[in-house]
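Taking it in order: structure first as structure tokens, then the write-up.
The values are calculated or read from the model by the stated rules, or taken from the named source; none is laboratory data. Everything numeric here is computed off the predicted structure, so don't read it as measured data. So basically every Cβ, Gly included, is an ideal-geometry build from the backbone, and we count neighbours across all protein chains shown. We work out accessible area using only protein heavy atoms, side chains counted, and drop any ligands, DNA or RNA first. Shrake-Rupley method; radii C 1.70, N 1.55, O 1.52, S 1.80 Å.
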Amino acid sequence: MQSISNPSFKTLTTTDPSHHRRRSRNYSLRVLSDLRPSLAGGIGNCRSDFRSSCAILSSKVFLSQQQQSSSSDSAGDSSSVSSAAAAAAVNGHVSLDLVPVPDQSLLPKPLTIADLSPAPMHGSCLRVAYQGVPGAYSEAAAGKAYPNCEAIPCDQFEVAFQAVELWIADRAVLPVENSLGGSIHRNYDLLLRHRLHIVGEVQLPVHHCLLALPGVRKEHLTRVISHPQALAQCELTLTKLGLNVAREAVDDTAGAAEFVAANNLRDTAAIASARAADLYGMQVLADGIQDDSSNVTRFVMLAREPIIPRTDRPFKTSIVFAHDREGTSVLFKVLSAFAFRNISLTKIESRPHRNRPIRLVDDANVGTAKHFEYMFYVDFEASMAEVRAQNALSEIQEFTSFLRVLGSYPMDMTPWAPSRCD
Ligand SMILES: O=C(O)C(=O)C[C@]1(C(=O)O)C=C[C@@H](O)C=C1
């Protein structure tokens, strides 16, 4: 897969003056840093409520101020394609097809950092932030999680987090892992950096299509663009289709379709949903091109407040922890705390410890060793309302230097069935 970093794609989708933005309401522009102090205060209160309701973790459940105030890092999810101008030059000719193209000025445009101002007025409809543009799978996940919600597109994952923190949205729905492509690491890092709570999960069958402008045939294609996860999920099938062309990463699948349509790129295909094809006036060249028919992405729903954990239905709990002791025994002890209580783990993920990425270990006889430091994310099948889960975390707290409950929430029990996602 070829992934070219080029901010011009994002510029096209967010600040192109020719795009008439239709927002559900007007937001005044303010510098984001002005908003931070009030935000930190409000969220601190919610967290302490949750801690007391769980009656555990009273002494250690704090993120360092450094983590909270660390600078915004948008590099992780912002790879992009060549600029519109360059693409047009490569493309070099005008479409002769007279196919009616849907009126895209009616679609909501993604929020950007500049749009984040606090507390707009809103009605009773739940506002749900997602990363991408209309037609993205994240939009479908928002609709599955909250039917009839107002889905708010955001141009970065970070913006979706901030939209909830600043009361522009009530929830964010973000992908965390895919059955073929694996974890979406960026969102694990952001879960730690922000103070939102996981309040639910949805699993969405992801059915990819190869989209091109009307009249374009496979033989005309010199590249395929999409979200890196979508490219990874279709890698083998693209090769089987004889598409040994350049593959380039963009911010989201539907954004890829929009980009091809907006720039009339007749040498470029996008991997996206059938709904994206409808929205951006593209034709479906191939349907169901994911390498596995049961391709599923798991999304989590985030809110400012945690939900009260219950025991009358299956719950999952997500935690993150770090330790400052040497050796592998801490991880073993943490896992044992769950195993002894018959609590199943559904996921474990490690990420670099950003504040302390490396630990030096001095040994007078042997020299100085360097160890990488990690944050460990664990999902387990139990509710924080269950005594066994509370006891497991009390025990884990004994040998970890940092422990935070990201959320205790109902499991998505819908069976994984291959289906169309449009
Ligand atoms: O690009 C999109 O449409 C998204 O919603 C993002 C995303 C992802 O981040 O994994 C979501 C589901 C699919 O796995 C592919 C892409």
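Give the residue list of GluC sites (Glu not before Pro) in segment 233-335 that are DSSP loop and have at most 11 other beta-carbon atoms within 10 angstrom. Mind showing how you got there, number by number?
Values: sites: Glu235, Glu248, Glu258, Glu326; in loops: Glu326.
The qualifying sites are Glu326.
Assign one of three labels to segment 125-176, namely rounded, prolate or oblate, based on the Cα gyration tensor with a ≥ b ≥ c the square roots of its eigenvalues; rounded applies when a/c is under 1.5, prolate when it is not and a/b is larger than b/c, and oblate otherwise. Before the final figure, lay out the partial values.
Values: a/c = 1.71, a/b = 1.12, b/c = 1.53.
Judged from the Cα gyration tensor, segment 125-176 comes out oblate (a/c at least 1.5, b/c at or above a/b).
Of the accessible area of segment 209-351, with the probe set at 1.4 angstrom, what percent is carbon plus sulfur? Write down the numbers at each step before the final one.
Details: 2750 of 5450 Å².
Its accessible area is 51 percent carbon and sulfur atoms.
Below 8 Å between Cα atoms, with a sequence gap of 6+, how large is the relative contact order for segment 107-249 in percent?
Working: 194 pairs, mean separation 29.3, N = 143.
About 20 percent, as a whole number.
Going by a ≥ b ≥ c, the root eigenvalues of the Cα gyration tensor, does segment 118-210 fall in the rounded group (a/c under 1.5), the prolate group (a/b larger than b/c) or the oblate group?
On the way: a/c = 1.88, a/b = 1.28, b/c = 1.47.
Cα axes put segment 118-210 in the oblate bin.
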